[in-house]
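Inspection log for the structure reproduced underneath, given as C-alpha cells.
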Amino acid sequence: MDGSKMSQDELVEKLKHQVALENIELLLMKMSRLCFNKCIIKPGPSLDSTEQKCVSMCMDRYMETVSLVSKSFGERLMAESQNMH
Amino acid sequence: MTDFFNNNSDSFDLGSSSGTGTTDKLKADEIQKVIMMEQQKAQLNAQIQEISEMCWEKCVDKPSAKLGTKTEACLSNCVKRFFDSSVIIAHRFNQLIQRSNTG
C-alpha cells in the first residue's frame, strides 16, 4: 500500500535535491565571477601563485560573507515580523 | 551556510497520512504545498545571494586570511542599511502612487 506514498516522498526528495544542486551551481558560478574579478586583474599565460592563493582565500571569505549576511538578514526579518505583531 | 532558513525546511512531514484513504487530490495538494515552501525558500535564498554580492563588493577589498572585525561590521551594517533603504523606497513609491491616484 505504500507504493504510491513512497513515490510521493521520493518526488519531494528529488525536488529538494534538485533545488540544492541548482543553488550550488549558482553559488559556484557567482564565486568564480566575483573572485576572478577580485584576483585576476590582468590575465597572464598562467595563474601565478599569488592569484591562486587569492582565489582560494576569496572563496573562503565569500562563503563567510554569505553566512554573515544570512545571519544579519535573518535577524532583521525576525525583528520586522515581531514589530508587526 | 544559510542554516537560518533550513531549520523550518525539514520540518515537513508528509508521511502522516495513512495509506489507503489518500486521494490523488490530497497528494496533489501536499505536493503543491511543498513546492510553494520550496519557492519561498528559493526566493529568500536568492535575496541573500544578491545582498551578499552587493555587500561583498562594498565591504571586501582584497581577500585575505580573515575577514576581520572591520569588514564583518561593514557587512552587518550593509545588510541593515540595505533593508532601511528598501523600506524608504517602498514608502516613497507608495506616496507617488497615492499622489498620482488622488491628483
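The values are calculated or read from the model by the stated rules, or taken from the named source; none is laboratory data. From a predicted model like this one, the values you see are computed outputs, not experimental measurements. Note: ideal-geometry Cβ built from the backbone for every residue, glycine included; neighbour counts use all protein chains shown. Protein only, heavy atoms only, side chains kept; ligands, DNA and RNA dropped before computing areas. Shrake-Rupley method; radii C 1.70, N 1.55, O 1.52, S 1.80 Å.
Going by the structure shown, is A:SER56 within 14 Å of the chain's Cα centre (by Cα) and under 21 Å from A:MET31 (Cβ atoms)? Answer is no for this residue. Residues in the stretch B:58-72 that are open to solvent by less than 90 Å² (accessible area, probe 1.4 Å) and more than 7 Å from chain A (Cβ to nearest Cβ): B:CYS59, B:GLY68, B:THR71. Only one of the listed residues (A:LYS16, A:LYS38) is farther than 27 Å from B:GLY68 by Cβ and surrounded by 11 or more Cβ atoms within 10 Å (Cβ to Cβ). That residue is A:LYS16. Beta carbons closer than 7 Å, at least 6 apart along the sequence or on distinct chains, pair a first residue in the stretch A:43-67 that is open to solvent by 60 Å² or more (accessible area, probe 1.4 Å) with a second that is assigned to a helix (DSSP H, G or I) for A:MET59/A:MET31; A:MET59/A:CYS35.
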